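The values are calculated or read from the model by the stated rules, or taken from the named source; none is laboratory data. Source: prediction; values computed, not measured. A quick note on method: Cβ atoms are made from the backbone with ideal geometry, for glycine too, and the neighbour counts reach across all protein chains shown. Surface areas here come from the heavy atoms of the whole protein model, side chains and all, with no ligands, DNA or RNA. Shrake-Rupley method; radii C 1.70, N 1.55, O 1.52, S 1.80 Å.
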Amino acid sequence: MLVLPYAPLRCRNCSSVLNPFCVMDFAAKIWICPFCFHRSHFPAHYASVSEENLPAELFPQYTTIEYKSPREAACLQSVFMFVIDTSIIEEEMAFLKSALSQVIGLFPDNSLVGLITFGTLVHLHEIGFSTAPKTYVFKGSKDVSKGQLLEQMGFFLNKPKPLTGVRDGLSSESIARFLLPASECEFAINSVLEELQKDPWPIPADQRASRSTGTALSVAASLLGACFPGSGARIMAFLGGPSTEGPGAIVSKNLSEPIRSHKDLDKDSAPHYHKAIKFYETLAKQLVHQGHVLDLFACAVDQVGVAELKVVVERTGGFVVLAESFGHSVFKDTLRRVFQSGDKGLGLSSNGIFEVNCSKDLKVQGVLGPCASLEKV
Ligand SMILES: [Zn+2]
């Protein structure tokens, strides 16, 4: 595949890309879009275009090419938001901490890292505040809206508000409190991990651990939505059991109620299923619009509720790793490969947008694969 080191030239009317099927008027330096028949002038850097001097994108044999604009490539920044379940047994906690501390040094240079832990409550860690560790605590049983989140965290809007605030007018100081550059985060993340303990709330003998997965994911999504909409970010959730608290719960805390089985789903008799699906569908939609991804590391002998959560993973193009324990090599190796570069790495990318321009009489019916519609007509 030919890769051109500049940005594509687009039709000003329908934003189609200059291609070998365009009709050329070399004398007038004009090209006609084959999709909408709009006539566009060549920009100054195409001034030398002639029948004998064609740019590569007009060669008949290059009907498929790639563009890699140096400016776009340089400003690509990835954001990793770790969402960690603390309602797990001590042994699992130790495995998870050790696996995480091993990948801290592997984060890509230009990436930003944030940290949320959850159990009964959701803790958002202010890792950019170096003198004393600080966390913001959210009630796990109640969904937090983006507005409430920003208010509680004392996020200050830039004043005067920028005309086109790509970041909702959030000040960069606000963002830097929660998302640290990878090169500076090692100490902060390690010290949070060291202090990290199993959810301290007592669990009665007849109950399941309290786990507010939905609220934690929602807080992560809203924070990323406020800070980096439209820029590649991944929420990486490390789950050690089913969500039992707040929106997105898949089973009640009462152990007398069994976790839904295939049979229950078949018979449509799983009491929490539809409510949970509805919550996760809304979350999926939010993440798709923000251009963000959810990845799940579900490591437990018990179920963690992937049947309900998968809608978010599928629509955002994330991945799921299933293992019985955070000590299992499947989990540890995959986590390492996420951050490794070169042949050993998984080569993950995010925020890909697939745009189809076609002639007037054609309509796109759909797409196969892990995609979600941006609902642009
Ligand atoms: Zn056009």
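Results, tabulated for the structure shown:
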| item | result |
| --- | --- |
| Near pairs, Cβ below 8 angstrom, 6+ apart or cross-chain, from the stretch 24-41 (on the phi > 0 side of the Ramachandran plot) to any residue that is within 14 Å of the ligand (Cβ to nearest atom) | K29/H41 |
| Positions within the stretch 21-45 being more than 14 Å from the ligand (Cβ to nearest atom) and loosely packed, with under 15 Cβ neighbours inside 10 Å, in sequence order | D25, F26, A27, A28, P43, A44, H45 |
| Test for F59: is it more than 16 Å from the ligand (Cβ to nearest atom) and open to solvent by 50 Å² or more (accessible area, probe 1.4 Å) | yes |
| Residue list for the stretch 99-131, filter: surrounded by fewer than 17 Cβ atoms within 10 Å (Cβ to Cβ) and not in a helix (DSSP H, G or I) | P108, D109, N110, F129, S130, T131 |
| Filtered residue count, the stretch 256-298, keeping only those that are among the hydrophobic types (A, V, I, L, M, F, W, C) and within 24 Å of E324 (Cβ to Cβ) | 8 |
| For L287: the one exception among (1) over 20 Å from A209 (Cβ atoms); (2) touching a Ser or Thr at 6+ places or on another chain (Cβ under 9 Å); (3) without any contact (Cβ under 8 Å) to a residue 60 or more places away in the chain | (3) |
| Test: K253 is modelled with pLDDT of 95 or more, assigned by TED's automatic domain parsing to the domain that holds S141, over 30 Å from P181 (Cα atoms) and open to solvent by 10 Å² or more (accessible area, probe 1.4 Å) | no |
| Pair list, Cβ under 6 Å, 6 or more apart: the stretch 353-377 residue outside the structural domain of V311 (by TED's automatic domain parsing) and closer than 15 Å to H289 by Cβ, other residue outside any loop (DSSP other than H, G, I, E, B) and open to solvent by less than 70 Å² (accessible area, probe 1.4 Å) | A372/V288 |
| The lone exception for Q303 - which of (1) under 15 Å from the mean Cα position of the chain (by Cα); (2) open to solvent by 70 Å² or more (accessible area, probe 1.4 Å); (3) of a type in the set (S, T, N, Q) it fails | (1) |
| Filtered residues of the stretch 321-371 (kept if among the hydrophobic types (A, V, I, L, M, F, W, C), touching a Leu at 6+ places or on another chain (Cβ under 9 Å) and surrounded by 16 or more Cβ atoms within 10 Å (Cβ to Cβ)) | V321, F326, F331, L335, V338, F339 |
| Enumeration of residues in the stretch 208-230 that are open to solvent by 30 Å² or more (accessible area, probe 1.4 Å) and either under 22 Å from the mean Cα position of the chain (by Cα) or not assigned by TED's automatic domain parsing to the domain that holds R315 (or both) | P229, G230 |
| Candidate set: the stretch 10-20, residues that are over 29 Å from the mean Cα position of the chain (by Cα) and more than 8 Å from the ligand (Cβ to nearest atom); chosen: the one farthest from N357 (Cα to Cα) | P20 |
| Checking A307 against (1) outside the structural domain of E90 (by TED's automatic domain parsing); (2) closer than 22 Å to L265 by Cβ, the condition it does not meet | (1) |
| Filter result for M236 (touching a strand residue (DSSP E or B) at 6+ places or on another chain (Cβ under 6 Å) and either outside the structural domain of K253 (by TED's automatic domain parsing) or modelled with pLDDT under 85 (or both)) | no |
| So D143, is it at pLDDT below 85, closer than 25 Å to S349 by Cα and open to solvent by 30 Å² or more (accessible area, probe 1.4 Å) | no |
| Some residue of the stretch 11-23 being under 30 Å from I175 (Cβ atoms) and of a type in the set (G, A, S) | no |
| Among the candidates G230, G225, residue that is in contact (Cβ under 8 Å) with a residue 40 or more places away in the chain and not in a helix (DSSP H, G or I) | G230 |
| Failed condition for C36, given (1) in the same structural domain as V3 (by TED's automatic domain parsing); (2) closer than 30 Å to A176 by Cβ | (2) |
| Check on I89, open to solvent by 60 Å² or more (accessible area, probe 1.4 Å), of a type in the set (A, V, I, L, M, F, W, C) and modelled with pLDDT of 90 or more | yes |
| Close pairs (7 angstrom Cβ cut-off, 6 or more residues apart or separate chains): within 16 Å of P202 (Cα to Cα) in the stretch 250-263, crowded, with 17+ Cβ neighbours inside 10 Å and basic (K, R) anywhere | K253/R208; L255/R208 |
